[in-house]
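Below is one structure; the comments refer to it alone.
Values quoted throughout were computed directly from the atomic coordinates according to the rules given, and no laboratory measurement underlies them. Just so it is clear, the model here is predicted, and its values are computed rather than measured. Glycine also receives a Cβ, built like all others from the backbone with ideal geometry; neighbour counts cover every protein chain displayed.
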Amino acid sequence: MTISAFAYGIAGLRAADMRVMARAQNIVNWQSQDYQPVVPDQTTGINDEPIVKITRAELTGDFPPVDLAAEIVDMKMAQRAYQASAQVIRTADEMSKTLLDAIA
């Protein structure tokens, strides 16, 4: 089964959005009492499209539950992934237009 470039791009946008939302939630609640951070786990689906599953972190030790530096770094990586997915959609759109112009 094949999946279109548009579907890959949209799946990438959704995955990046979920990662940003999870990290933002952790940053907002980093000083909350007994807060259990969420962890976005990005994998691939049946057609190799990106999928993000959100789970609660297992807390161990005396470390702070939220590492602000790691949260911000992952947010920046998710931002770049979002931009790349948007570019995939733009490129697929341009290719479709070129193909339709060649046929017409």
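Quick look at the numbers
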| read-out | value |
| --- | --- |
| Meets criteria (in contact (Cβ under 8 Å) with a residue 60 or more places away in the chain, closer than 24 Å to D93 by Cβ and under 12 Å from the mean Cα position of the chain (by Cα)) for A15 | yes |
| Unique match (being within 17 Å of the chain's Cα centre (by Cα), within 16 Å of Q25 (Cα to Cα) and part of a strand (DSSP E or B)) among V73, V52 | V52 |
| Scope the range 47-97; condition farther than 29 Å from Q36 by Cα, surrounded by 12 or more Cβ atoms within 10 Å (Cβ to Cβ) and among the aliphatic types (A, V, I, L, M); matching residues | A84, A86, V88, I89, A92 |
| Unmet requirement for A104, which otherwise passes all of (1) loosely packed, with under 11 Cβ neighbours inside 10 Å; (2) closer than 18 Å to S32 by Cα | (2) |
| Lone qualifier among V66, V28, V88 - being among the aliphatic types (A, V, I, L, M) and under 15 Å from the mean Cα position of the chain (by Cα) | V88 |
| In the range 1-38, the residues that are outside any helix (DSSP H, G or I) and under 13 Å from D67 (Cα atoms) | N29, W30, Q31, Y35, Q36, P37, V38 |
